[in-house]
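Encoded as structure tokens, the structure appears first; notes follow it.
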Amino acid sequence: MPPLRTALLQSSGRPGAVAENLKTLDEAAARAAATGARLLVAPELFLTGYAIGDAVPELAEPVDGPGARTVAEIAARHGLAVLYGYPERDGERIFNASQLIGPDGASLANYRKTHLFGCFEQQWFTPGDQPVVQAHLDGLRIGLLICYDVEFPENVRAHALAGTDLLLVPTAQMHPFQFVAESVIPVRAFESQMYVAYVNRTGPEGEFEFVGLSCLAGPDGTVRTRAGRGEELVVGDVDPEFLAASRTANPYLDDRRPGLYGSLA
């Protein structure tokens, strides 16, 4: 299989302005497609903005809502898959969610954040209860987590055991926790032998200061591409052949001894 060229959109868009954020996503998809990318990943809650306070219920929409339909049009028009974050409404409950739309405009997967961070998220969102959500794209198994989820090694290892090749992590990583982007993400990729695309917001937003530093980390623990602190689109390749060779050279999953780990749960 050829490498999967993956574009990371580091942007906070405009909080509260869904139409403008969709326009930004459309423009990024055009730029990504021009590089040969087959996948574009946008940050956590990109559709609406993160620091939107009590506008969360107003801006939340169902999995097949108007935002999803527009993203489907964007994906199909540019011929690449798109992963975006949004507040998902399901009856009276609202989830911090991300949805992966395929290059043909069909929904491939929808994931609800399982580990909510801080008072803001715990006030407005219901935690998801499905730890491993996957889809297939161009021969690779794609997994989904959101921000704080990836800081729990159990979540990433669960994906590794389920065969995830590329883990997509839209995020809203804020100061002073930039060490997660700088150090934790490459370690997660190495210890669970997968690629990890970690895609952040950037700049001030309400009470938060997002640090950027989006990256695509490989299974050897090295970063294939890294954004700075501002608005940026960066591109990197997910190489299935390198992944297979790395898993052979670093057999963590084969060398596990699950019988010793019962106390962890």
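The values are calculated or read from the model by the stated rules, or taken from the named source; none is laboratory data. Since we're looking at a predicted model, the values are computed, not measured. Neighbour counts are summed over all protein chains in view; Cβ atoms, including those assigned to glycine, are modelled from backbone coordinates with ideal geometry. Areas reflect the complete protein model, heavy atoms only, side chains present, ligands, DNA and RNA absent. Shrake-Rupley method; radii C 1.70, N 1.55, O 1.52, S 1.80 Å.
Under the convention that each Lys and Arg Cβ holds +1 and each Asp and Glu Cβ holds -1, the size of the dipole of the range 159-265 around its Cα centre is about 260 debye.
Whole angstrom only: what separates the Cα centroid of the range 123-163 from the Cα centroid of the range 170-217? Each part reduced to its Cα centre gives a spacing of 15 Å.
Checking (1) 31, 24, 20; (2) 40, 29, 17; (3) 27, 21, 17 against the coordinates, the calculated semi-axes √(5λ) of the Cα gyration tensor in Å falls under label (3).
Farthest towards the positive end of the charge dipole of the range 76-159, among the residues ILE101, TYR148, TYR84, is the Cα of ILE101, using unit charges on the Cβ of Lys, Arg, Asp and Glu. Charge dipole of the chain (Cα centre as origin; +1 on each Lys and Arg Cβ, -1 on each Asp and Glu Cβ, all else neutral): 440 debye, rounded to the nearest 20. The helix-based estimate of mean residue ellipticity at 222 nm for the chain, built from -39,500 (n - 2.57) per DSSP H run of four or more residues and divided by its residue count, is -7500 deg cm²/dmol to the nearest 500. Peptides 48-56, 2-10 ranked from most to least packed by the mean count of surrounding Cβ atoms within 10 Å: 2-10, 48-56. What a 1.4 Å probe finds exposed on the range 204-265 is 51% carbon and sulfur by accessible area, rounded to a whole percent.
DSSP beta bridges confined to the chain are antiparallel in about 70 percent of cases. Only the Cβ atoms of Lys and Arg (+1) and of Asp and Glu (-1) were treated as charged; on that basis the dipole of the range 18-168 about its Cα centre amounts to roughly 380 debye. Spin-label pair ARG256-ALA244: with each label point 7 Å from Cα along the Cα-Cβ axis, the two points sit 2.2 nm from one another.
Extension gain, HIS175 to ALA30, is 49.1 nm, computed as 0.36 nm per intervening residue step minus the present C-alpha separation. Across the range 125-255, the mean sequence separation of Cα contacts (distance under 8 Å, 6 or more residues apart), normalised by length, yields a relative contact order of 19 percent.
Sorting 100-109, 242-251 by average packing, meaning the other beta carbons within 10 Å per residue, from highest down gives 100-109, 242-251.
Accessible area per residue for the chain, computed on protein heavy atoms with a 1.4 Å probe, is 41 Å².
The ASP90 and LEU264 beta-carbon pair, evaluated with R₀ = 22 Å, returns a calculated FRET efficiency of approximately 0.10.
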